[in-house]
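Colleague: Here you go, one structure.
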Amino acid sequence: MTVVAGRMLTALIVLVAAVAAHDSARANHFILCDDAKCLNDATTTGDFDPSTVAQSYVIVALYSDQSGDTQYMRLRRNPGTDVPPRLAGSFFTVRHGGVAKRFVIPSDPAPGLAPGEELVFATTDDFSDDLAGSKPPDYILPPRFLPTDGGSIDLNGLNAWDFGPLPIDGSTALLRSGETARPCFSSHLSGTWCVAGGFSNAVEYVNDGLNRYFITASEPDIDAIESGRLAGWRRTGLGLPVLTTSEPECCKTPTPPVPVCRYYFPPPMGAAHFFSAFEDECAAVRQRFPEALLETRAAFFVVLPSDDGVCPGSWKPVFRIWDGLTAQHRYLDSQGRSALEALVRQGWVLEGRGADGVAWCE
């Protein structure tokens, strides 16, 4: 994969203008709790009125990439407010279904926050590029704090924003008005920035008890597994770089990226997922296996190899390998070469284009 400025990042942050960076690190207090607890537990720290603080600010924008690794939200101090810019001990609560997450703001803003100015809460702790030094957000969020498939968010239990699914192409933010816009923001600490997205990471998991592998680049999947709501799964340490749109801003592609379909084969067909970047394969699965569930036509985007399995330019192959005993697949690149060779010795079969079974290119 060829990436702008030669750096493979979850999101490339492009500097538009900047102010001097603040030199203090931000600690965080993050709680995952059931909905009832977050609804009933309104404990805060600090000697202030939470409702007064909440009425002095408004959440104006949310952003996430597909995996939820890179997220931000913009909090604006209301114009005309004469309430001191206190925030230490205040909390954001996000709810989605029966799950609630709470982030307790650990400190007041850096001095000088004026009415109408914004604070940026982001999972990325350093918005630097090759031309600038360290550029931190105002506060650091934990990964996947925002549910990409929609939910609600409030400050100190007030002024809740019920939002729909977030754009996950990496190049679009959701505004409180319901409109979308380029993911640009003005941080109180670090100035004005825009995110050039379109790139994410797919993570591979294994369930040892079920003897099943699963790979995903989607925040709802990753959050459900890593929060423990889907028990028994753990990271294998392997994964794949993927694109999140057919027109990525982050990356130069030799050919237009294509979507990868994702099917689920229920028991007794294997209880496993199947991915393909080839349109004819996606159509053939639907025709040959009507019981298979098409979960999405675009799990992520990739570049296709040639018919004989050759990837263009500097792009690298991703291999698809199938186990006839368990009717499951794995998808491995050069980082998983030793695992791939071990699977071949165990009787797994390479699929895809060419003799090496190339599924797509990264």
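Colleague: Pull up all non-local amide H partners of SER276: gap of 5 or more, or a different chain, and H-to-H distance under 5 Å with H placed in the peptide plane.
Modeller: For SER276, whose amide H was placed from the backbone, the distant partners under 5 Å are CYS261.
Colleague: Return the sequence-ordered ³J(HN,Hα) values of the range 144-156 in whole Hz as given by the Karplus equation 6.51 cos²θ - 1.76 cosθ + 1.60 applied to θ = phi - 60°, using x for Gly and Pro.
Modeller: Ordered by residue, 3J(HN,Hα) equals 6, 5, 8, x, 6, 9, x, x, 9, 9, 9, 10, 6 Hz.
Colleague: Further question: Using a cut-off of 16 Å between alpha-carbon atoms, which aspartates and glutamates can reach LYS252, once sequence neighbours fewer than 8 places away in the same chain are excluded?
Modeller: Of all the aspartates and glutamates, those that pass the test against LYS252 - Cα under 16 Å, at least 8 places apart if same chain - are ASP169, GLU362.
Colleague: What is the range 272-336's relative contact order, in percent, from Cα pairs under 8 angstrom and six or more apart in sequence?
Modeller: On the way: 43 pairs, mean separation 18.7, N = 65.
Once normalised by length, the contact order is 29 percent.
Colleague: Right, something else. Please list, in order, the residues from the range 161-184 whose amide nitrogen is less than 18 Å from a point placed 7 Å along the Cα→Cβ vector of ARG297.
Modeller: 168-169
Colleague: With a cut-off of at most 12 other beta carbons within 10 Å, and DSSP calling the residue loop, which trypsin sites (Lys or Arg not before Pro) in the range 293-362 qualify? Please list them.
Modeller: In loop regions of the range 293-362 (DSSP not H, G, I, E or B), the sparsely surrounded trypsin sites (Lys or Arg not before Pro) are ARG297.
Colleague: Let me make sure I get this right: for the range 199-361, a, b and c are the square roots of the gyration tensor eigenvalues over alpha carbons, sorted descending. Under 1.5 in a/c it's rounded, otherwise prolate if a/b > b/c, else oblate. Which is it?
Modeller: It comes out rounded by the Cα gyration axes.
Colleague: Let me ask something else. In nm, what is the difference between 0.36 nm times the number of residues separating GLN335 and ASP125 and their Cα-Cα distance?
Modeller: Working: separation 210, 0.36 × 210 = 75.60 nm, distance 2.65 nm.
Extra length from GLN335 to ASP125 when fully extended: 73.0 nm.
Colleague: Any chance you could run the full-extension gain for ARG286 through LEU158? It's 0.36 nm times the residue separation minus the Cα-Cα distance, nm to one decimal. Provide the component values of the computation, followed by the final result.
Modeller: On the way: separation 128, 0.36 × 128 = 46.08 nm, distance 4.66 nm.
Net length gain for the segment: 41.4 nm.
Colleague: Using a Cα-Cα cut-off of under 19 Å, which aspartates and glutamates could be cross-linked to LYS135, ignoring same-chain neighbours fewer than 8 residues away?
Modeller: Those aspartates and glutamates meeting the cut-off are ASP23, ASP69, ASP108, GLU117, GLU118, ASP125, ASP126.
Colleague: Related question: Would you grab the residues whose amide H sits under 5 Å from the one on GLY191? Only those 5+ places off in sequence or on another chain, please, with H modelled 1.01 Å from N.
Modeller: Here the answer is VAL19, since their amide H atoms fall under 5 Å of that of GLY191.
Every number here is computed from the coordinates shown, using simple stated rules; none is lab data. The shown structure was predicted, so the numbers you read here are calculated from the model rather than taken from an experiment. Cβ sites come from the backbone with ideal geometry, for glycine too, and all protein chains shown count toward neighbours.
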